[in-house]
Amino acid sequence: MPAAGDAVARSTAKPANQFAACFVAAQDQAAQPWSFVPRDSGGGTFSNLGAKGVTSPYFLRIADRGSRREIRLEATNAASGASVLRAVDRCV
């Protein structure tokens, strides 16, 4: 995981809703908090910002780019992003 403030990017050919369903299942299985804010143009942002006990939030942005989705993880520290990145890599 990169240093705090750096972002990690991935892409997938999976539809946004298929990636999102996989990510939600992975976060639920790991008992990790999450929320999702959809975008009108497709995709959206997952985050744990505001969840009880979260001191280092992450932002996982999913953007539709035609036949693929760009996934960008921004985490406030490496520890908070590591488990999210594992879920992302499992789902791409």
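Each reported figure results from applying straightforward, stated rules to the coordinates on display, with no laboratory input. Note that the structure is predicted; figures quoted are calculated from it, not measured. When we count neighbours, we look across all protein chains shown, and the Cβ atoms used for this are built from the backbone with ideal geometry, even at glycine.
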Rounded to whole Hz and in sequence order, give me ³J(HN,Hα) for the stretch 50-67 from the Karplus expression 6.51 cos²θ - 1.76 cosθ + 1.60, θ = phi - 60°, writing x for Gly and Pro.
x, 6, 4, x, 7, 10, 10, x, 10, 9, 10, 9, 10, 10, 6, 10, x, 7
Estimated D of the chain in µm² per second, where Rh is the Kirkwood radius over Cα pairs and Stokes-Einstein applies at 37 °C, 0.692 mPa s:
252 µm²/s
The chain - percent relative contact order, Cα under 8 Å, separation 6 or more:
38 percent
Principal-axis tilt of helix 78-91 within the chain, Cα atoms, nearest 10 degrees
30 degrees
Starting from the Cα-Cα distance between V92 and S11, subtract it from 0.36 nm times their residue separation and give me the gain in nm to one decimal.
28.5 nm
Per DSSP helix of 4 or more residues, -39500 (n - 2.57); summed, then divided by the residues of the chain. What does that give at 222 nm, rounded to the nearest 500?
-10000 deg cm²/dmol
For the pair A30/D64, report the inter-label distance in nm, with labels modelled 7 Å from Cα in the Cβ direction.
2.7 nm
Pop a pseudo-label 7 angstrom from the Cα along the beta-carbon direction at both R39 and T76 and give the gap in nm to one decimal.
2.3 nm
Rounded to the nearest 10, the angle in degrees between the Cα long axis of helix 16-29 and the longest principal axis of the Cα atoms of the chain comes to 30 degrees
